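A.B. asks: Here's a structure for you.
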Amino acid sequence: MFKKLKSSLNNLKKSLNISKKLEDKKLKKILDQLEDELINSNIAYSVVEKIIDDIKNSKSNEIKDVLEKSIRDILTFEKKDILVSKNKPTKIMFIGVNGAGKTTTIAKVAKKIKDNKKTCVIAAGDTFRAAAIEQIKQHGDNLEVNVISHDYGSDSTAVAYDAVDHARSKKLDFVLIDTAGRNQSNNDLMNELKKMKNKIKPDFTIMVIDSMVGNDSVEQAKKFDSDIGIDGFIITKMDAEETGGAILSSVYETKKPIFYLGTGQNYENLIEFDIEKIIKQIL
């Protein structure tokens, strides 16, 4: 991950020879090239603009220090642990567009909960997509986690309610609520999701974003946050993504944290977001 972004920033460091003491004309040419490369790395223009401005305005001549501070500013947020909550059961609702990887991500979170000696139930709230219920049930069987489901076409909110009731009766720690993927421009489906959230009142609403969709992730994140309200992100498919633009852009545009990064298909391939490791990989 971050291969393309790292390459662009390394080229900048070489061009500036670890120093910003250049003629304005030459510096502008180098920064213009960096701007193009960052945009091609699927980084939102607002983020690119910040990085460029930070370089221009910094009094430091050590370009690596300037870049580190800029990226740290972008990725610094209040750290939250979704697996630590005073409420029992803790209700976690997963939302996002089609194909983002919500169902597999839920299974990975369930595995992490079990690894932490906690208990959970999954609500098969995607009653629309073909084979969605079978898919989540298969994950449940693999992980020995109960899955509450209704028939296809049934009310997703009712499924979630039943899962919460089950968790309360069994004194379980978490309810993981799957939802159908939807395009952020479909107002009817977005309103349906908003109503579901208002009724269920989840402790956390997590947006799952496919890192490979590039700059589209910014518009997705902004729309879901403004219409539904999100508490943070899980970014998937980071093992296949070379740019890392979705991480920088989503956080900067929404000011919401990243909880985990999906780095593969196995249940264990879900790692906590660690800013120090990210900066080390980028620079």
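A.B. asks: Could you check how many residues of the range 95-135 are part of a loop (DSSP other than H, G, I, E, B), closer than 13 Å to residue 181 by Cα and of a type in the set (Gly, Ala, Ser)?
C.D. replies: 7
A.B. asks: Answer yes or no as to whether residue 153 is assigned to a loop (DSSP other than H, G, I, E, B) and surrounded by fewer than 18 Cβ atoms within 10 Å (Cβ to Cβ).
C.D. replies: Answer is yes for this residue.
A.B. asks: Here's another thing I want to ask about it. Quick one: how many residues across the range 161-206 are out of contact with any Ser or Thr (no Cβ under 9 Å at 6 or more places or on another chain) and more than 23 Å from residue 118 (Cα to Cα)?
C.D. replies: The qualifying residues number 13.
A.B. asks: Restricting to the range 61-74, name every residue that is surrounded by fewer than 18 Cβ atoms within 10 Å (Cβ to Cβ) and in contact (Cβ under 8 Å) with a residue 40 or more places away in the chain.
C.D. replies: 61, 62, 64, 68, 72
A.B. asks: Could you list, in sequence order, the residues of the range 168-211 that are of a type in the set (D, E, K, R), surrounded by 18 or more Cβ atoms within 10 Å (Cβ to Cβ) and over 20 Å from residue 106 (Cβ atoms)?
C.D. replies: Matches in the range 168-211: none.
A.B. asks: With 114, 88 as the choices, which residue is without any contact (Cβ under 8 Å) to a residue 60 or more places away in the chain, touching a Leu at 6+ places or on another chain (Cβ under 9 Å) and basic (Lys, Arg)?
C.D. replies: Every option except 114 fails the conditions.
A.B. asks: Would you mind stating whether residue 95 is under 23 Å from residue 220 (Cα atoms) and not aromatic (Phe, Trp, Tyr)?
C.D. replies: Values: under 23 Å from residue 220 (Cα atoms): yes; not aromatic (Phe, Trp, Tyr): yes.
When the stated conditions are applied, residue 95 passes them.
A.B. asks: Identify, by number, the condition in (1) part of a loop (DSSP other than H, G, I, E, B); (2) in contact (Cβ under 8 Å) with a residue 60 or more places away in the chain; (3) of a type outside the set (Phe, Trp, Tyr) that residue 164 doesn't meet.
C.D. replies: Unmet condition: (1).
A.B. asks: Right, next: Out of all the residues in the range 78-92, is one or more of a type in the set (Gly, Ala, Ser) and outside any loop (DSSP other than H, G, I, E, B)?
C.D. replies: no
A.B. asks: Hey, another quick one. Inspect the range 29-52 for any residue being free of Cβ contacts under 8 Å to residues at least 12 places away in the same chain, under 26 Å from the mean Cα position of the chain (by Cα) and part of a loop (DSSP other than H, G, I, E, B) and give the result as yes or no.
C.D. replies: no
A.B. asks: I want to confirm something. Restricting to the range 212-265 and keeping residues that are out of contact with any helix residue (DSSP H, G or I) (no Cβ under 8 Å at 6 or more places or on another chain) and among the charged types (D, E, K, R), which single residue is surrounded by the fewest Cβ atoms within 10 Å (Cβ to Cβ)?
C.D. replies: Ranking the candidates gives 255 first.
A.B. asks: Next question, about the same structure. So, residue 106, is that one farther than 20 Å from residue 88 by Cα, crowded, with 23+ Cβ neighbours inside 10 Å and of a type in the set (Val, Ile, Thr) or not?
C.D. replies: When the stated conditions are applied, residue 106 does not pass them.
Each reported figure results from applying straightforward, stated rules to the coordinates on display, with no laboratory input. Since we're looking at a predicted model, the values are computed, not measured. No Cβ is skipped: glycine too gets one built from the backbone with ideal geometry, and neighbour counts run over all protein chains shown.
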